[in-house]
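Data block below; observations after.
Derivation of every value follows stated rules applied to the coordinates shown; laboratory data play no part. Just so it is clear, the structure is predicted and the values come from calculations on it, not from any experiment. Neighbour counts are summed over all protein chains in view; Cβ atoms, including those assigned to glycine, are modelled from backbone coordinates with ideal geometry.
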Amino acid sequence: MKHSSNTSLLNAGLVLLVGIVCPCYVMGQVDLSGDWTLLMHEDEAWRGPGPELGEYEGLPLNAAGKMRAWSWNASINTLPEHQCIPLPADDFTDFGNIRIWKEVDPATQRVIAWHEYTEWQAQERVIWMDSRPRPSELAAHTWQGFSTGKWDRNELTIQTTHLKEAQYERVGTYRSDRGTLTEHWIRHGNYLTIMLIISDPVYLAKPLVRTRQYALDPDQTMRGYNCVPTAEIAGRRPGYVPDYIPWKNPFKLDAVTRYKVPEVAVSGGPETMYPEFVAKLKNPNARVPEIAETRTSPTAAPPTSNLNDLSITALRVQRNVYMLHGAGANITVQVGDDSVYVVDSEFAALAPKIVAAIKQITNKPLRYVINTSFDADHTGGNAEVAKAGNQIEMYPFGGETPATIVAHENVLKRMSAPTGQVSPVSDSLWPTETYATPQMQLYNGEGIQLIHERAAHTDGDTIVYFHGSDVISSGDIFSTETYPVIDRKNGGTFSGILQSLNHIIELSIPKGQQEGGTYIVPGHGRICDQADVVNYRDMVTMIGHRIADLIADGKTLEQVVAAQPTMDFDGRYGAPTPNWTKDTFIEAVYNELKESKK
Amino acid sequence: MSAVRPSLVSTRPTGRRRRIGLTLWLCLAVTGLHAQNEKTVPPANAKAAAPIDFTGQWVSVVTEDWRWRMVTPAKGDFTSIPLNQAGQKIGDAWDPAKDEAAGLQCKAYAAPNILRMPERLRISWADDDTLKLETDTGMQTRMFYFKEPKSKGGDWQGVSQASWELTTGYNFFSVMGIDNNVQSGRQAAGQRVRKPTSSLTVVTTNIRPGYIRKNGVPFSDKAVLTEYFDRTNESNGDSWLVVTSILDDPVYLNQPFVITTQFQKQTDRSGWNPTPCSAR
């Protein structure tokens, strides 16, 4: 025993010695651990009481960013679904003391991650230091995003992606969910400087760069934070979203009268950040150099012509539910105790890949294919996918049958035709079982609720709620890629879209701080939670208000389109698809609102 | 005649000892190589020792305190500054006309506030041990002395002592005498080996009393300004100069006034616009 322990001791010593004196050791890093108190010696008026409404000087907002900000109404914070939104990663430095600690690998003692906790609104960030890969672009976004860190001498450089859309100031200045954050954390003795660089192709013409300071304070006492949302203003109709018509915002110039902020500066823009702008402040007619704006065009929808080259991406959403992404609509896969159910089937050409992707998840038999609408990118693979599964043989009927295809009866109506007429699609794609009631239930190790959303995207929409897994598959009522597609020819309505979005919000519940909990698989785009649907609902509602305002002012459709009522969201949702553009969306909303006025 | 010292243990290496010996040999060989690589002559001067290059032209990007930097704030607006009552009293008595009449237009362009101006900076080496910082706004020049300062201060920019920030350099192996640097005689046991980080530290004293802000917020002749200069390099090619400044003033401040100001690196010398001090 003695011999053995001596050996171990010697070996441990050698390992330590090699670790200390060999040149291959990891370069030294600064210890950031400790409790840090926030110093408010910059922008105190912004970070405490907040800027004046309409005051954006020094912010590199582009035209969309300004329009979005002018739409913002502070009353939106009274909505229960907005009350518990915490400060996002790019705003945590604005208010509250923080604690930083490191997480180490117990075996190697290497730092795996830095953790940061902000007292105000109790947010915790994790900054991964172990070179782990970033999540898929289809993964859910969070308020704090996904952060990785790397030391450059005494600077910890942090890159954050997967952020939810959020405000970085409480005046409606938004960073979109396509935005990213770069930080440099630099410690000098008992002071910590955090530099933030916010980049956003949707709302910023240039990166917004800010710096904040902290002092080490081992004496501070951190406190928790408990947010319980309540209806602060009674009597509001469901789905109410307070906003301003951007071109009629009455507070645009408040800072001019109240704080003497020059009018040429108050609406911000990249030029207001640079020394040359001082000349403009002294003489509004002075010429200042133009600052090149970051031009962005919305992401185009993926082409569907090269389906052979396309691969299917599978992500676990939560518990028993997965999302498959290919060329068409998202597919939701639910793995029960004995079998598999899927929601939607994309295109026929992709069916073998879809079936293979399902088999990568489980070998259990496929029993049901649920269609959320009759669209080709939701139902095109019905026959092939159903054939890959089978339905249980039930007495007295013999013979194995493919998996059952379920949808609302209006889906069958749209896909089929009266006897003697040619149906728009092959009968092999038709639902084999339909429901005409407001909802239908299925069971596969958990309760599965099929809810008919009347007259939303079409008149046959179904949202599928997996109760045990707490996941909702929304179909095309909700997308993170485009404005809602309102198929008016097939019974879709703008009001129905809004009603359905509000219904999804009503059905879902966050885990805490307006995040997680119920997850939503959208018709197209990434995995979401309630906050993302709220964000989308707010956008659709606001556009409705603007178009209604233009109609009330007597504008024609052409004039409404020319007024660009969606301009602030076009960089995010304006990507044209073969059958849907921002202008067709405006037209659909205009026609419905115009008709409802009659 | 030779005496053979009795050995307490067998001198014949066992397999285990061979392994340990081999490990030690490898370790020492590697560290020896490392030591050889490190046998470099210490840098002769601050310029040669510079861990990072701050030289070039930089432009301020005013995204913070805009209302207090891009325009002259109103008298009595002390927002964000931990100003004590004595300081507030002086701030409330600010009279720019009086400053102009006295030829004191540059009071707000002194070291504690000069980097808060909307401006461009030019940083260059005045000599091998002195870094020079010039501003176009207010046309001020600051000299950061890494050796004995050639100025005694007493003007708006005071006297600035510069140093490259160093790591702590503690190493208990050095105290034990088993560190390679100690064994090779290049270092005394327990001597700290402090390596430069990428920061420049500048401590400025003996500054002529002036303003922290253009609207007459005062600092006294007892003020000590400590600044840390850092530089970042972004993946898109941008580079930022980040200056964290800590102003201690026992006369007019309730606590150190800590701010950070950022400047973007220019790839050219465009936009340089020398402008004299203005009291308003």
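What pairs in B:LYS107/B:LYS150; B:LYS47/B:LYS214; A:LYS260/B:LYS89; A:LYS150/B:LYS195 have C-alpha atoms more than 29 Å from each other? Intermediate results must be reported in sequence, preceding the final value.
Values: B:LYS107/B:LYS150 23 Å; B:LYS47/B:LYS214 34 Å; A:LYS260/B:LYS89 24 Å; A:LYS150/B:LYS195 19 Å.
In this structure, B:LYS47/B:LYS214 exceed 29 Å between Cα atoms.
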note = Partner shielding of B:255-268, taken as the mean number of other chain Cβ atoms within 10 Å, equals 4
query = Can you give the net charge of the other residues whose Cβ lies under 9 Å from the Cβ of B:GLY158, counting K and R as +1 and D and E as -1?
reply = +1
query = Can you run phi through the Karplus equation (6.51, -1.76, 1.60; θ = phi - 60°) for segment B:232-249 and list ³J(HN,Hα) in whole Hz, with x for Gly and Pro?
reply = 10, 10, 8, 5, 8, x, 5, 9, 10, 9, 10, 10, 9, 10, 10, 9, 9, 9
Sparse-neighbourhood loop sites, GluC sites (Glu not before Pro) in segment A:38-70 - DSSP loop, at most 11 other Cβ within 10 angstrom = none
note = Of A:542-553, A:307-318, A:455-466, A:168-179, ordering from highest average Cβ density within 10 Å down gives A:455-466, A:168-179, A:542-553, A:307-318
note = Per residue of B:116-124, other chain Cβ atoms within 10 Å number on average 2
Amide proton proximity set for A:ASP529, modelled H, under 5 Å, gap of 5+ = A:ILE520
Hits among lysines - C-alpha to C-alpha of A:LYS66 under 17 Å, sequence gap 8 or more where chains match = A:LYS206, A:LYS248, A:LYS252
For segment A:246-254, 3J(HN,Hα) per residue [Karplus equation, 6.51 cos²θ - 1.76 cosθ + 1.60, θ = phi - 60°, Hz, x = Gly/Pro] = x, 7, 10, 4, x, 9, 4, 10, 4
request  = Report, in cubic angstrom per residue, the convex hull volume of the C-alpha atoms of segment A:114-235.
outcome  = 162
task = For segment B:46-265, divide the Cα radius of gyration by the Kirkwood radius and give the resulting Rg/Rh value with two decimals.
result = 1.05
request  = Starting from the Cα of A:LYS511, draw a straight line to each of the lysines and keep only those under 28 Å, dropping any in the same chain fewer than 8 residues away.
outcome  = A:LYS102, A:LYS164
query = So how tilted is helix B:15-38 from the main axis of chain B? Cα-based, degrees 0 to 90, rounded to 10.
reply = 40
ask   = B:THR137's amide H: which non-local residues (gap 5+, or another chain) put their own amide H closer than 5 Å, with H modeled 1.01 Å from N in plane and none for Pro or chain starts?
value = B:ARG120, B:THR275
ask   = Once the other residues with Cβ under 10 Å from the Cβ of B:TYR170 are scored (Lys, Arg +1; Asp, Glu -1), what is the net sum?
value = +2
Separation of the A:LEU557 and B:LEU166 label points, Cα + 7 Å toward Cβ, nm = 7.7
task = Treat each spin label as a single point 7 Å out from the Cα along the C-beta direction, and report the A:SER423 to A:GLU103 distance in nm.
result = 5.2
ask   = What does the convex hull of the Cα atoms come to per residue for segment A:308-531, in Å³?
value = 127
Under-5 Å amide H pairs with B:GLY210, H placed in peptide plane, nonlocal only = B:PHE219
task = Could you work out the mean count of beta carbons from other protein chains within 10 Å of each residue's beta carbon in A:278-291?
result = 1
ask   = Summing Lys, Arg as +1 and Asp, Glu as -1, what charge do residues with Cβ under 13 Å from the Cβ of A:TYR341 carry, A:TYR341 excluded?
value = -3
query = Which whole-Hz ³J(HN,Hα) couplings does segment A:60-74 yield from phi under the Karplus relation 6.51 cos²θ - 1.76 cosθ + 1.60, θ = phi - 60°, glycine and proline marked x?
reply = x, 5, 8, 4, 5, x, 5, 4, 4, 5, 5, 7, 6, 10, 4
message = Need one number: convex hull volume per residue for the protein assembly as shown, Cα atoms only, in Å³.
response = 244
message = For segment A:407-524, compute the orientation-averaged projected area of the C-alpha convex hull (one quarter of its surface), in nm².
response = 8.4
key: segment A:503-580: chymotrypsin sites (Phe, Trp or Tyr not before Pro) falling in loop per DSSP and having at most 14 other Cβ within 10 Å   = none
inquiry  = Once you order the gyration tensor axes a ≥ b ≥ c over the Cα atoms, which shape class does segment A:162-311 get: rounded for a/c under 1.5, otherwise prolate or oblate by comparing a/b with b/c?
reply    = rounded
